[in-house]
1. For segment 97-114, which positions are assigned to a helix (DSSP H, G or I), surrounded by 12 or more Cβ atoms within 10 Å (Cβ to Cβ) and of a type outside the set (A, V, I, L, M, F, W, C)?
2. How many residues are assigned to a helix (DSSP H, G or I) and farther than 30 Å from residue 69 by Cβ if we restrict to segment 115-152?
3. Run residue 54 past the list (1) more than 25 Å from residue 104 (Cα to Cα); (2) surrounded by 11 or more Cβ atoms within 10 Å (Cβ to Cβ); (3) at pLDDT 90 or above and report the number of the one that doesn't hold.
4. Please go through (1) aliphatic (A, V, I, L, M); (2) over 26 Å from the mean Cα position of the chain (by Cα); (3) modelled with pLDDT of 90 or more for residue 11 and return the number of the only condition it doesn't satisfy.
5. Among the numbered conditions (1) over 27 Å from residue 30 (Cα atoms); (2) part of a helix (DSSP H, G or I); (3) more than 15 Å from the chain's Cα centre (by Cα), tell me where residue 53 comes up short.
6. Here are some conditions: (1) among the acidic types (Asp, Glu); (2) more than 24 Å from residue 96 (Cβ to Cβ); (3) modelled with pLDDT of 90 or more; (4) loosely packed, with under 15 Cβ neighbours inside 10 Å. Residue 23 meets all but one. Which one does it not meet?
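The values are calculated or read from the model by the stated rules, or taken from the named source; none is laboratory data. Predicted, not measured: the structure shown is a model, and the values here were computed from it. Here the Cβ positions follow ideal geometry from the backbone for every residue, glycine too, while neighbour counts run over all protein chains shown.
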Amino acid sequence: MNPEPMKTPEVCPKHGQAWTPEDDELLISLYPDNTAAIVAARLGRTVATIYRRIVILREEYRMPPQKDHFTDEQKAFIRDNCHAMTYQQVADHLGKSKKNVERVARIMGVSYYKTGNLHPNTIYPDSDVLRVRALRDKGMLFREIARILDVSVSVAVWMYYKRKTKADTIAKRQSQ
């Protein structure tokens, strides 16, 4: 009592349509410039079927990657505005999604990490941090610095040792 197998390898199901070499060539030529939905309508197949066939063709190294959706000018804009703008602001300016801008920035090695006055939630300005550093370097105690700036001693210590300024971030990026 051995049942017959459900599928026969290398044979297309009766309700399906086998892929011909002509279909593959048409898919390879259309997909880099069109969406899967457009290609599916042209070939008379479902979008899911197109995606499955693309996976197979990429495994065989027959399918080229889709076109790059960011121009060189857009990539330069992403790189040039990493200090001043957020991902969302860049995405709105370029007319792209935030997720795509993040992906391209990560691939390019651009960091949108903000410190100092560049950070939108900055409480203590860079001028206070530089003042704390200058006073401490002159030998003043944190207690005296805190009294001058009207902050707690722990905040003065934090500003001296931990708080990064805008210049620190820019210097770090230029050294990389």
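1. Matches in segment 97-114: 98, 100, 102, 103.
2. 22
3. Residue 54 satisfies every listed condition except (1).
4. For residue 11, the failing item is (3).
5. Evaluating residue 53 over (1) over 27 Å from residue 30 (Cα atoms); (2) part of a helix (DSSP H, G or I); (3) more than 15 Å from the chain's Cα centre (by Cα) leaves (1) as the failure.
6. Of (1) among the acidic types (Asp, Glu); (2) more than 24 Å from residue 96 (Cβ to Cβ); (3) modelled with pLDDT of 90 or more; (4) loosely packed, with under 15 Cβ neighbours inside 10 Å, only one is false for residue 23: (4).
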